[in-house]
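Engineer: Please see the structure below; I have some questions.
Computed from the coordinates by the stated procedures, all read-outs in this text should not be read as laboratory data. As the structure is a computational prediction, the values presented were derived from the model and not from experiment. Methodologically, a virtual Cβ is constructed for each residue, glycine included, from the backbone with ideal geometry; neighbour enumeration extends over all protein chains shown.
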Amino acid sequence: MVAVGGAALVAVFALLRWGGVFDDRKLVIGVLNHAMVAEEALDGFKSSLSAQGYAEGGRVTYHYRGPVTGPALEAEAERLAGLKPDLFLTLSTPAAKAGFAVAKVTGTPLVFAPASDPMAIGLVESLGRPGRNATGVTFGIQEPVRLQWLKTMLPGLRAVLVPHNPDDASPQVSLAKIRPVAADLGIRLDLAHARNVAELDAALAGMAPDVGAVFVPVDAFVASQVPRLLLATLSRGIPLTTPHRGGVVEGAFMSYGLDMKALGGQGARLAAQVFGGVPAGDLPVETAEFRLVVNMETAGRLGIEVPDHILRQAELIRGTRGGDGR
């Protein structure tokens, strides 16, 4: 009887340990990032994971060398794989593709936060049951709605500059979505390649005189260049719109898009379940929420009067990062 009772206690303890209770394992997370804009997602991930009992420097160690691009991204993925992490965390679509290429070989679970269209790029088999030892956060159809909001606030808008990295799949998806909407709204899209800072500067310098706004698609590199974009747009007296809230905090006029910090928190909740023993491929891919955000200080500088009915629906930023930020 005592033996049976002891065996039962051992079994219960094993189950609790498998589920994360009494588990004092030291966990390693390899972080792969493609662009500075995703740093905010990493902050949100760390904060949320810590709140769930996985604090950095305690139960969790992060290996992260900052944003890397091009061939260096694949090399960094290989380096991280050599450290034998318990989890890959990838920030942006290019990082997810590079990380998954090594994770599927090593059998390491992967959480992407975010990735655009993860089924199309082969990360998951389906959003509801991803399989392939990967899950994470994606986003829906935001870009056409953002363009419609921009046109509503700027009724006279006839042309926008769209700088984008042609080597990144995410902006290609964005462009496919906004082309028909732009045609319906009577807006000309001036597409300009921006693989690097030199190409971005050339695109901004070569803007047509009738361009009334710069529209940054879901593009990790270009979205990381908000200060540079603001120098060009504010000097011309035209607004900048970005795909993420952080861009508006930095000074862009408006966004209908992602809150990267909140998105990182979503990824952390998935990671905590993986650490608790749930296979990553069994966790449905989550969709990030979008919000309309307007920078009132920038609107004032540009002389844009935003209608009250729009202001009532938006989060209003009253300043820029470095000021009050709200």
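Engineer: Taking springs between alpha-carbon atoms closer than 10 angstrom, which of PRO166, PRO71, PRO144 fluctuates most in the Gaussian network model of the chain?
Structural biologist: Taking springs between Cα atoms under 10 Å, the residue moving most is PRO71.
Engineer: Could you tell me the calculated FRET efficiency between ALA202 and ARG158, based on Cβ-Cβ distance and R0 = 25 angstrom, to the nearest 0.05?
Structural biologist: It comes to 0.65.
Engineer: Name the long-range amide H neighbours of PHE112: under 5 Å, sequence gap of 5 or more, or other chain; modelled H, no Pro or chain starts.
Structural biologist: THR90, THR135, GLY136, VAL137
Engineer: Of THR69, THR241, THR135, which has the largest mean-square fluctuation in a 10 Å C-alpha GNM of the chain?
Structural biologist: Between THR69, THR241, THR135, it is THR69 that shows the largest mean-square fluctuation.
Engineer: At 7 Å along the Cα-to-beta-carbon direction for both ARG236 and VAL28, put a label point, then send me their distance in nm to one decimal.
Structural biologist: 4.8
Engineer: How many percent of Cα pairs in the chain exceed 27 Å?
Structural biologist: Considering the chain, 46 percent of its Cα-Cα pairs are separated by more than 27 Å.
Engineer: Let me ask something additional. Could you name the lysines whose alpha carbon sits less than 29 Å from that of LYS177, not counting residues in the same chain fewer than 8 places away?
Structural biologist: The qualifying lysines are LYS97, LYS151, LYS261.
Engineer: Mind putting a number on the dipole of the chain about its Cα centre? Charges go on the C-beta only, +1 for Lys and Arg and -1 for Asp and Glu, and I need it in Debye to the nearest 20.
Structural biologist: Using only the charged Cβ atoms, the result is roughly 260 debye.
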